[in-house]
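Here is the structure we will look at, set down as structure tokens.
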Amino acid sequence: QFPFGRRLPCDIYWHGVSFHDNNIFSGQVNKFPGMMETVRKITLSRAMRTMQDLFPLEYNFYPRSWILPEELPLFVAEVGVMKDSDPSWKPTFIVKPDGGCQGDGIYLIKDPSDIRLTGSIQSRPAVVQEYICKPLLVDKLKFDIRLYVLLKSLEPLEIYIAKDGLSRFCTEPYQEPTLKNLHQVFMHLTNYSLNIHSENFIHSDSVNTGSKRTFSSILCRLSSRGADVKKLWSDIISLVIKTIIALTPELKVYYQSDIPAGKPGPTCFQILGFDILLMKNLKPMLLEVNANPSMRIEHEQELSPGVFENVPSPVDEEVKVAVIRDTLRLVDPQKKKRKDAQTCYTKDHPLSCTKQGMKDKQHKHHSLKLSLKLKFYLKLGSCPSLERVPESSESLLAAVAAGRPEPDAGRSPEPGLPSLCLKQVFPKYAKQFNYLRLVDRVAALFIRFLGVKGTTKLGPTGFRTFIRNCKLSNSNFSMAAVDILYIDITRRWNSMGMDHKESGMCLQAFVEAFFCLAQKKYKSLPLHEQVASLLELCECHLAALDEKRLLWGWG
């Protein structure tokens, strides 16, 4: 650990909270710039709403949401209309503070008038969502799933999902929400940090029992009841990929701001915690995405009043150790060096088979030594090429345990280590999901016209250049109208309490302006076709412009 930084460069930097924990200029860091901001409840809800506008059926795994305080009148009006159209509808809503974590500040309401309109709603914005009243129950208890997802690369997009996760249980038998039980957090909220304080919380040494279990144990139980577990996993993979696709446009804007193209800088990867709730019909619903999922593998146990001891948690250890271990294996910089060296040697000496075979044996022996060293260094907390910045209130794993290879997982590429617990889902399934990446392409246009490197806001000149270069102005849409569109949308977004460090148009405002332009130009098409058509037009004009500039350069 290097609490005050370190002068010597490292292969991998392990930051506790964010990309900005330390100034780094090379190697790999386990955080993306802007990830914490991107997965906050309000930003996530906005990103998911944009995708729901484009692809409503594909993004129906995220509950209907409203942002407080700005959308309170809209929330009241929409709920009123829905109640009028269906008098039997008796909804429940859950209010979540934007920056809250571990269940802090969450409460349930039955009517919009029950929102706690105190001064804190202005200083602490929130998201209000439809509460999922019919969750899947196990042992009469509500539970959620924490799945670990590795975002290994942003460009090209590379996503891995851990084959096992955690199931975190409520500690009181579930009943559908009523005015009498709305306040019973141990019945309705699955947060581990809340339920651990319940007298009914059960710490178990078994992965199949207790208030925290492995997700695989739940799947086994569902399978024994005849549930289609393969379809459930397929739905979860789809949910994860679609959510990451919704988040990448914002992440790319932050990334180019902190690590401008052409300048030296680290590459990034990050482990995310996806919190998912299963409905009674086994449909997975996304609750939230955590940028800093806890990697603790122990819990506090009270030995006597006021005296606590850290006790190992076998369930946490089984899942989390494998996630950390295999993340390091996937981003291992030595693996690429060894591969490159091996390719180079084979290319230069195609007939040296015997010599190459001897080198392979040495390499296997060396890999085994490396894996043993990695175990030792992670236990010790230090490593020549692995820097750890201390985590706030969360401990990085201090042990590496051997996992159980699955029968169909095949031979592990590294001798002495189990097969990977992280399964690649993208680009493996890219063909099935690439059509959803429209906002990614809009973000590419936004970044192109930002102009100044390191900024995240588009100025009026950049917006006008975008309109001119893409030939979007005409007699019906003058440059004066362009300026009015820019001012109206930018002013509204800036009034929502967004980042005021820079003036200009943020990505979400640009996306709204782009959708507006697409709707004006292609009136009869559905929104996703309008946006796709305008994107093709813009990309075509810009490709022609780039070609012309290239020819001028040669000239």
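The values are calculated or read from the model by the stated rules, or taken from the named source; none is laboratory data. None of these values were measured; they are calculated from a predicted model. Because the Cβ atoms are built from the backbone with ideal geometry, glycine has one as well, and the counts that use them run over all protein chains shown. Surface areas here come from the heavy atoms of the whole protein model, side chains and all, with no ligands, DNA or RNA. Shrake-Rupley method; radii C 1.70, N 1.55, O 1.52, S 1.80 Å.
For the reader, a short list of remarks on this structure follows.
- Residue count, region 55-64 (criterion: more than 18 Å from the chain's Cα centre (by Cα) and within 26 Å of R124 (Cα to Cα)): 1
- Pairs where the first residue, in region 275-295, is closer than 14 Å to L219 by Cα and free of Cβ contacts under 8 Å to residues at least 24 places away in the same chain and the second is assigned to a loop (DSSP other than H, G, I, E, B) and open to solvent by 10 Å² or more (accessible area, probe 1.4 Å), C-beta under 6 Å, 6+ apart: none
- Single residue of region 279-313 satisfying the filter (over 30 Å from V29 (Cα atoms) and assigned to a loop (DSSP other than H, G, I, E, B)) that is most open to solvent (accessible area, probe 1.4 Å): K280
- Of the residues making up region 516-529, those that are in a helix (DSSP H, G or I) and open to solvent by 10 Å² or more (accessible area, probe 1.4 Å) are C516, L517, Q519, K520, K521, L527, H528, E529.
- For region 22-75, a residue qualifies if it is farther than 25 Å from N434 by Cα, aliphatic (A, V, I, L, M) and outside any helix (DSSP H, G or I), and the qualifying residues are I24, V29, I67, L68.
- In region 196-213, the residues that are in contact (Cβ under 8 Å) with a residue 24 or more places away in the chain, polar (S, T, N, Q) and open to solvent by 20 Å² or more (accessible area, probe 1.4 Å): N200, S204, S206
- Filter result for V95 (assigned to a helix (DSSP H, G or I) and touching a residue at least 24 places away in the same chain (Cβ under 8 Å)): no
- Qualifying positions in region 11-21 - of a type outside the set (A, V, I, L, M, F, W, C) and in a loop (DSSP other than H, G, I, E, B): D11, H15, G16, S18
- Candidates G100, G80, G5: the one that is at pLDDT below 90 and under 26 Å from I115 (Cβ atoms) is G100.
- Tally, over region 19-40, of residues that are on the phi < 0 side of the Ramachandran plot and open to solvent by less than 30 Å² (accessible area, probe 1.4 Å): 10
- Any hit, region 58-77, residues being surrounded by 14 or more Cβ atoms within 10 Å (Cβ to Cβ), in contact with a Ser or Thr (Cβ under 6 Å, 6 or more places away or on another chain) and of a type in the set (G, A, S): yes
- Some residue of region 508-526 being modelled with pLDDT of 95 or more, over 26 Å from the mean Cα position of the chain (by Cα) and hydroxyl-bearing (S, T, Y): no
- Residue in region 90-102 that is open to solvent by 40 Å² or more (accessible area, probe 1.4 Å), of a type in the set (K, R) and within 17 Å of the chain's Cα centre (by Cα) present: no
- Condition check for F446: out of contact with any Ser or Thr (no Cβ under 9 Å at 6 or more places or on another chain), among the hydrophobic types (A, V, I, L, M, F, W, C) and open to solvent by less than 40 Å² (accessible area, probe 1.4 Å): yes
Residue by residue, here is whether (1) surrounded by fewer than 20 Cβ atoms within 10 Å (Cβ to Cβ); (2) touching a helix residue (DSSP H, G or I) at 6+ places or on another chain (Cβ under 7 Å); (3) among the β-branched types (V, I, T); (4) not in a helix (DSSP H, G or I) holds:
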residue: L239; (1), (2), (3), (4): no, no, no, no
residue: T243; (1), (2), (3), (4): no, no, yes, no
residue: A246; (1), (2), (3), (4): no, yes, no, no
residue: E250; (1), (2), (3), (4): no, yes, no, no
residue: V253; (1), (2), (3), (4): no, yes, yes, no
residue: S257; (1), (2), (3), (4): yes, no, no, no
residue: G262; (1), (2), (3), (4): yes, no, no, yes
residue: F274; (1), (2), (3), (4): no, yes, no, yes
residue: L277; (1), (2), (3), (4): yes, no, no, yes
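- Listed conditions (1) open to solvent by less than 50 Å² (accessible area, probe 1.4 Å); (2) within 26 Å of the chain's Cα centre (by Cα) are all met by N181, apart from (2).
- Boolean, R464 is open to solvent by 60 Å² or more (accessible area, probe 1.4 Å), modelled with pLDDT of 95 or more and over 25 Å from R46 (Cα atoms): yes
- Some residue of region 185-195 being among the polar types (S, T, N, Q), out of contact with any strand residue (DSSP E or B) (no Cβ under 6 Å at 6 or more places or on another chain), open to solvent by 30 Å² or more (accessible area, probe 1.4 Å) and over 28 Å from A47 (Cα atoms): no
- Qualifying residue in region 154-172 (condition: open to solvent by less than 60 Å² (accessible area, probe 1.4 Å), touching a strand residue (DSSP E or B) at 6+ places or on another chain (Cβ under 6 Å) and modelled with pLDDT under 90): no
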